[in-house]
Amino acid sequence: MRDLEQFLREEGVSGALLDEVARFREQYSTDDSFRERIPAPACFYYGKAVWEKAIAALLCGENLLLAGPKATGKNVLAGNLAHLFARPLWNVSFHVNVDAAYLIGSDTYDGTKVVFRPGPVYLCAKRGGFGVLDEINMARNEALAVLHAALDFRRVIDVAGYDKIDVSPAARLIGTMNYGYAGTRDLNEALCSRFAILDMPLIARNDLLRLLGDTFPDMKETMRLQFAELFYELERKAESAEVSERALDLRGLLDAAALIRKGVSSGDALEMCIVNKTFDAYERGLVMDVIRARLPLDLDKAAVFDKTEVTS
Ligand SMILES: Nc1ncnc2c1ncn2[C@@H]1O[C@H](COP(=O)(O)OP(=O)(O)OP(=O)(O)O)[C@@H](O)[C@H]1O
Ligand SMILES: [Mg+2]
């Protein structure tokens, strides 16, 4: 894997910002015991403008809310940012039962006495980590009120029955939220106002071609183009409401390519990973038509991938 900072310089991300991040890394070292929490990127986030906005906001001490449709790289970017800033990462998956005790911590009996068992937000605040509040709008707003003081200028966490702890100057919270999924809610104004909000765009065409190349170095170039075209065709159809957004799924597109490489035909792979994401029979037919117009359904591995290159 290439070095992330090198990648960003090659992408043309502002050198001044990257230099400042380097100074941030020097200023805030990480305890050895938390080093393993600094995530190694499995892939890079593509999108120069988003990178620059995210880096600038974090350098200004802001907490970030990454908002956008599914599979727009929100978690990839959050992990990449923790790596770039060399911060340990705590991931908190939100759901309706998340409450203050889960986030901050709670009393527990250790066999001899009652002790405080810190939660992920407490640890992240204390250790100067990046806390990813994943799918933050899945939680009830009442449960999130506990974060208000941590997120605003006060930068404190009040642990009931214990002391207040100061949030480390290196700590940042990065929320992700997806509108449109069943079960998601709108974030209340008080919480929104405590984040810099980044609207996550759909990946640009050129970046998608490069992502396909990174993920599948052995994919034929003509096929990369066809896959990318199929994706944007689905986007156009979803935008004009001819099909639902369910079929517009980059994760599904990448999964389909992986299945083809395992020997599944193009039609079956795209059916499993794209078409069947809609549950309405009529709409499935429409999505299948879009695919059929772009790609033959009987392509096998040899038609999509070069035999000569890696097939891991
Ligand atoms: N701009 C991008 N750069 C790199 N990868 C991207 C980009 N957009 C989407 N992806 C790819 O899409 C897939 C999903 O990424 P990720 O899990 O970060 O999305 P997400 O926005 O968190 O989705 P969800 O809202 O469904 O949780 C990954 O394989 C990722 O590589
Ligand atoms: Mg996600």
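Read-outs: derived from the displayed coordinates by stated rules, not from any lab. What you see is a predicted model; the values in this text were computed from it and never measured. All Cβ positions, even for glycine, are placed from backbone atoms using ideal geometry, and neighbour counts span all protein chains on display.
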Placing +1 on each Lys and Arg Cβ and -1 on each Asp and Glu Cβ in the stretch 12-66, then taking the dipole about the Cα centre, the residue among Ser33, Leu59, Ser14 whose Cα reaches farthest towards the positive end is Ser14
For the chain, the Cα-Cα pair-distance distribution in 20 Å bins from 0, as whole percents, is 29, 51, 19, 1
Any residue on another chain or 5+ positions along whose placed amide H is under 5 Å from the amide H of Trp90 is listed here as Phe130, Gly131, Val132
Sorted largest first, the C-alpha extents of the stretch 58-158 along its principal axes in whole angstrom are 47, 29, 26
Cα-based Rg/(2.2 N^0.38 Å) for the stretch 205-304, rounded to two decimals, is 0.99
Under the rule rounded for a/c under 1.5, else prolate if a/b exceeds b/c, else oblate, using alpha carbon gyration tensor axes a ≥ b ≥ c, the stretch 1-110 is classed as prolate
In nm², the average projected area of the convex hull spanned by the Cα atoms of the stretch 111-191 is 6.7
Going through Lys220/Lys262; Lys70/Lys277; Lys53/Lys126 one by one, the pairs whose alpha carbons sit over 18 Å apart turn out to be Lys53/Lys126
Treating only Lys and Arg (+1) and Asp and Glu (-1) as charged, each at its beta carbon, one finds that the chain has a dipole about its Cα centre, in Debye to the nearest 20, of 380
Summing -39500 (n - 2.57) over every DSSP H run of at least 4 in the chain, dividing by its residue total and rounding to the nearest 500, the 222 nm mean residue ellipticity is -12500 deg cm²/dmol
